[in-house]
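Here is the structure we will look at.
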Amino acid sequence: MKPAYTQVKEFVQQHISSGQWRPGAPVPSEAMLMQQFGISRMTVNRALRELSAEGMVTRVQGSGTFVAELHRIASNLTIRDIQEEVLERGHVHTARVLLCHAEKAGAELARSLGLRSGARVFHSVLVHLENGVPIQFEDRYVNPAAAPHYLQTDFTQTTPTRHLLTEAPLTEASYSIEACLPTLEQAKHLGIGKQEPCLVQVRRTVSGAHVASVVRLVYPGSRYSFAGSFQA
């Protein structure tokens, strides 16, 4: 079982990365978190201290804890099309489409996409390969209002990222990156052992008035790395 302070951190991180808590929004007070998780103030304080050190929240003496403002750090990391990345390395990109259909959104997914529970959404699952070796498992949900032609697209020829950047130009995005073990399905399609660590990026994109998509990208840790630079 995960330590109590880790559960609090993940609870806060999930609400921030999904976009439910916007920059500058208040985080539940220590007293509320103590009551919700049934833990001590010291444990809650540790979780918030670590989140503050990681730059996800800002703690203001006498006022509380708030989601960190985005303007406090600038990043030149960009949303890349994995097909372009592979081609730039002089290699061959291919994709296997495991799923591409419409379905009803559950309550949590609907909130992330800014829709009502049970609303129709598009769901695609792909495996991207570089020179025949799987390097990314992509599990994506798309808002039909942002990309109405999504299901008619041949994703063996273009990527969901490229289609969305064209049909639903990006105006805002949030993401988180963490290390996780793959699910049995992910391990199978990536051709890795179920105990091999993976890098997981969860990304939420907005196009104008609509949340365009929520995607979970799983990369075998031995085959992929993220790189970028930051400046204050």
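The values are calculated or read from the model by the stated rules, or taken from the named source; none is laboratory data. Since this is a predicted model, take the numbers as computed values, not measurements. Backbone-built Cβ (ideal geometry, glycine too); neighbour counts: all protein chains shown. These accessible areas exclude ligands, DNA and RNA; they are computed on the full protein's heavy atoms, side chains included. Shrake-Rupley method; radii C 1.70, N 1.55, O 1.52, S 1.80 Å.
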Ile39 vs (1) of a type in the set (Val, Ile, Thr); (2) at pLDDT 80 or above; (3) open to solvent by 40 Å² or more (accessible area, probe 1.4 Å): all pass except (3)
Picked from the stretch 12-29 (must be outside any loop (DSSP other than H, G, I, E, B) and open to solvent by 40 Å² or more (accessible area, probe 1.4 Å)), the residue modelled with the highest pLDDT is Pro26
The one condition Val142 fails out of (1) at pLDDT below 95; (2) in contact with a helix residue (DSSP H, G or I) (Cβ under 6 Å, 6 or more places away or on another chain) is (1)
Exception for Thr94 within (1) in a strand (DSSP E or B); (2) in contact with a helix residue (DSSP H, G or I) (Cβ under 8 Å, 6 or more places away or on another chain); (3) β-branched (Val, Ile, Thr) falls at (2)
Residue set Arg204, Arg162; condition modelled with pLDDT of 90 or more and touching a Gly at 6+ places or on another chain (Cβ under 6 Å); output residue Arg204
| message | Leu87 - would you say it is under 25 Å from Thr205 (Cα atoms) and either of a type in the set (D, E, K, R) or open to solvent by 60 Å² or more (accessible area, probe 1.4 Å) (or both)? | response | yes
The lone condition Val200 fails out of (1) open to solvent by 20 Å² or more (accessible area, probe 1.4 Å); (2) farther than 19 Å from Val121 by Cβ is (1)
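Take the residues of the stretch 54-71 that are within 21 Å of the chain's Cα centre (by Cα) and surrounded by fewer than 16 Cβ atoms within 10 Å (Cβ to Cβ): which is modelled with the lowest pLDDT?
So the first thing to find is which residues in the stretch 54-71 are within 21 Å of the chain's Cα centre (by Cα), and the list is 54-57, 66-71.
Pick out the ones that are also surrounded by fewer than 16 Cβ atoms within 10 Å (Cβ to Cβ) and you get 54-55, 69-71.
Details: Glu54: 78, Gly55: 78, Glu69: 70, Leu70: 55, His71: 45.
Looking at residues that are within 21 Å of the chain's Cα centre (by Cα) and surrounded by fewer than 16 Cβ atoms within 10 Å (Cβ to Cβ), I get His71.
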All conditions in (1) in contact with a strand residue (DSSP E or B) (Cβ under 6 Å, 6 or more places away or on another chain); (2) surrounded by fewer than 20 Cβ atoms within 10 Å (Cβ to Cβ); (3) at negative phi are true of Ser124 except (2)
